[in-house]
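Quick notes on the structure that follows.
We did not get these values from a lab; they are worked out from the coordinates using the rules stated. Keep in mind the model is a prediction, meaning the values are calculated, not measured. So basically every Cβ, Gly included, is an ideal-geometry build from the backbone, and we count neighbours across all protein chains shown.
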Amino acid sequence: MIDPHGPDRADPAARAAWLRATLARHAHAYYVLDDPTIPDADYDRLYRELEQIEAADPALATADSPTRRVGAAPLGQFAPVRHSVPMLSLGNGFSDADVIAFDRRVAQALGEDAPEYAAELKFDGLAINLRYEDGLLVEAATRGDGATGENVTANIRTVQAIPLRLHTPNPPKLLDIRGEVLMFKGDFARMNARQREAGAKEFANPRNAAAGNLRQLDSRITAQRTLRFFAYGIGALEGAPMPPSHTALLDWYGELGVAVCAERAAVRGAQGLLAFFRDIGLRRVALPYEIDGVVYKVNQLAQQARMGFVSRAPRFAIAHKFPAQEATTLVQEIGVQVGRTGAITPVARLAAVTVGGVSVTNATLHNEDEVRRKDIRIGDTVIVRRAGDVIPEVVAFVPELRPADAREFVMPASCPVCGSPIVRGEDEAVARCAGGWVKCAAQRKGGLLHFVSRRAMDIEGLGEQLVDQLVERNLINTAADIYRLGFVALAELDRMADKSAQNVLAAIEKSKSTSLARFVYALGIRHVGEATAKALARHFGNLDALLQADEAALLEVADVGPVVARSILEFLNDALNLELIAQLRALGLAWPETAADRIASALQGKTFVLTGTLPNLSRDDAAALIEAAGGKVAGSVSKKTSYVVAGSDAGSKLAKAEALGVTIIDEMQLKRLLEE
């Protein structure tokens with residue numbers, strides 16, 4: 001079950017802020033780390049609640065809301081790729097009533113009694129965009145956050161199911177094929193057998209195996225594993241007519257030598273959709289791959305275009321998910337884990353049980369109140385539910401099987417990592433270790449990993465294993481210590497050669513030149529995500545103004561409410577945090593600082609679209625400069641676009657800008673705008 005003890009629902013602003021932070025955390029774990037922390041069903045329930053709050057009061061819908069985006073940001077291990085057409089996710093349906101309501105909305109929008117749909121499977125793998133130019137595979141990227149993904153071209157080239165060249169003498173000039181990389185059940189079993197024989201760690205399920213193998217830095221490892229691919233969508237297309245329907249699109253892909261799944265059908269109306277769902281449900285276990293539902297799309301592409309999109313998903317499609325799967329097992333112990341912010345999470349240690357084809361040994365219990373509400377005790381037989389994820393939930397205990405010696409969980413008084421007191425705020429559901437970065441190694445490691453992450457200081461090479469060694473050897477205790485590291489200390493670490501140490505030092509030096517928004521985000525202030533950090537940077541313009549702000553000044557920032565304001569003040573009133581900031585500045589971390597009134601007026605209200613390769617700036621750097629000056633960066637061109645910033649090899653966005661009469665500028669003109 002989900003944590004029901006967030007901020008009171010009577011305070012929609014606080015509740016929405018808590019939901020955004022909670023959903024963002026779980027989305028990062030699922031999409032970026034491939035290590036889900038809650039079942040799909042819980043995430044979907046939280047997401048629907050946030051949708052309802054924002055629908056009731058649109059002013060509460062912030063730019064960084066999970067309802068405005070897909071997933072989360074890509075890992076720093078691979079070069080970023082900006083999708084020319086955003087890779088959106090789908091809305092979810094969980095019951096016949098949800099599907100009937102979807103069909104009713106489509107029928108009303110199209111003016112048809114029984115619209116035609118393409119029905120297909122929802123694979124449990126990793127979404128990929130394959131870019132073909134003149135028929136040749138030139139780039140492959142993960143979904144990432146929907147706008148920017150990870151470049152995994154080298155690994156994709158090893159997947160036999162994906163053609164390196166399209167099977168046609170007249171290929172389109174440009175074609176983006178969207179689909180799913182997955183691992184079949186048989187291939188998964190054989191790979192794990194090899195892992196066991198080699199004494200290596202086994203993968204938890206086929207989805208994590210596919211994602212992990214595709215993200216190998218050494219593509220030779222990927223080549224040793226059998227990955228598959230099914231196409232299911234399209235992004236950009238140039239130099240060929242768009243097929244009239246989704247069915248025709250997949251048929252065309254088949255002709256091009258691209259794998260498409262045979263388990264699909266064209267049906268009409270809600271009854272056709274539900275009949276397809278039930279048929280697949282009966283045959284699901286016998287399928288050679290894992291699925292967690294089916295997908296329905298309006299079949300005619302012209303009708304799809306008429307229906308359009310909401311901010312996060314298309315109106316013309318929906319994913320119909322299968323019910324969660326359940327099993328019973330024994331609670332052998334209840335322990336706790338310590339998070340980056342000191343949050344203490346009770347975790348049920350379970351006797352191994354297979355749920356939906358996955359062996360489960362741990363389940364989060366969220367917080368102390370949740371353990372009490374469900375009355376879960378050590379020794380209980382419990383019902384474990386899994387809804388397409390490796391991380392399960394404990395639904396309830398089985399009363400008739402409770403032993404006489406079942407023990408209640410007792411929240412420890414001190415942190416199991418550092419021994420500091422565990423405290424719980426008056427209005428908070430989560431208990432926390434009071435040790436902070438200074439005393440608690442778990443918080444220190446988590447905070448340092450956040451600090452060096454791609455969207456923060458972007459220090460490539462400082463991954464989890466390296467940070468673990470640095471903390472355990474007492475080489476770094478705060479973020480400032482990163483900038484004091486020397487070559488000898490790094491080169492002496494396990495698995496670190498001289499060249500690797502030099503590369504890490506170069507990345508550390510490079511990170512000193514950053515932006516105020518990145519720096520604020522990297523500090524790890526509770527409730528301050530990437531979008532809030534950008535809003536603070538835009539509003540205050542320089543760090544000193546932010547450091548001197550009181551609650552009233554913070555509440556003037558569009559993305560800051562009372563809860564976030566109090567969290568920022570609590571952080572900035574801590575002498576250790578202020579000392580850390582001073583040390584980082586003294587060590588050379590710097591960024592452009594301007595007066596707040598200039599920041600508010602420079603590009604306020606202007607919308608930019610970036611396309612092609614700029615001569616000196618990466619797209620992320622250009623976007624950061626625009627946002628720091630008050631502008632917005634969009635992923636697609638429309639009549640509302642103020643400027644299109646075009647570099648070399650600009651594609652369809654440039655052509656659309658020309659057709660709409662949008663002002664087109666280059667990098668030099670962008671810099672001139674920023675200077676003015």
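With one equal scatterer per alpha carbon and no solvent term, the Debye-computed log10 I(q)/I(0) for the stretch 130-285 at 0.18, 0.20 1/Å reads -1.17, -1.29. Here the residues Ser89, Ser648, Ser245, ranked from fewest to most Cβ neighbours within 10 Å of their Cβ, fall in the order Ser648, Ser89, Ser245.
Full extension of the segment from Ala275 to Arg105, taken as 0.36 nm per residue of separation minus the current Cα-Cα distance, would add 59.3 nm. Calculated [222 nm] ellipticity per residue, helices only, for the chain: -10500 deg cm²/dmol; basis is -39500 (n - 2.57) per DSSP H run with n ≥ 4, divided by all residues, nearest 500. When peptides 246-255, 656-665, 518-527 are sorted by average Cβ neighbour count within 10 Å, with the highest value leading, the order is 518-527, 246-255, 656-665.
Relative contact order, whole percent, for the stretch 138-294 stands at 29, derived from Cα pairs under 8 Å and 6 or more residues apart. A Förster distance of 60 Å, applied to the separation of the beta-carbon atoms of Leu136 and Asp96, puts the FRET efficiency at 0.85. Residues of the stretch 279-322 with amide nitrogen under 11 Å from the 7 Å Cα-to-Cβ point of Met242? Answer for the stretch 279-322: 301-308. For the pair Ala553 and Glu255, a Förster radius of 56 Å applied to the C-beta separation gives a FRET efficiency near 0.35, rounded to the nearest 0.05. In this simple spin-label approximation, Ala154 and Ala491 carry label points 7 Å from Cα along the Cα→Cβ vector, and these lie 2.5 nm apart. Starting from the Cα of Asn170, move 7 Å in the Cα-to-Cβ direction to define the label point; list residues of the stretch 227-270 whose amide nitrogen is under 20 Å from there. Taking a point 7 Å out along Cα→Cβ of Asn170, the residues of the stretch 227-270 whose backbone N falls under 20 Å are 237-245, 248-258.
Once the C-beta distance of Leu660 and Glu112 is scaled by a Förster radius of 41 Å, the resulting FRET efficiency is 0.85 to the nearest 0.05.
In this structure, the residue pairs whose Cα-Cα separation is over 30 Å, taken from Lys321/Lys639; Lys321/Lys445; Lys512/Lys656; Lys534/Lys640; Lys510/Lys639, are Lys321/Lys639; Lys321/Lys445; Lys512/Lys656; Lys510/Lys639. Summed over all non-identical Cα pairs, the Kirkwood treatment of the chain gives a radius of 26.9 Å. Once both labels are positioned 7 Å from their Cα atoms along Cα-to-Cβ, the gap between Ala10 and Ala193 label points is 6.2 nm. Here the simple spin-label model places points 7 Å from the Cα toward Cβ, and for Ala586 and Asp375 these points are separated by 5.8 nm. Cβ-to-Cβ counts within 10 Å put His366, His167 in ascending order as His167, His366, the fewest first. Here the gap between Ala352 and Asn474, fully extended at 0.36 nm per residue and compared with their Cα-Cα distance, gives a gain of 40.3 nm.
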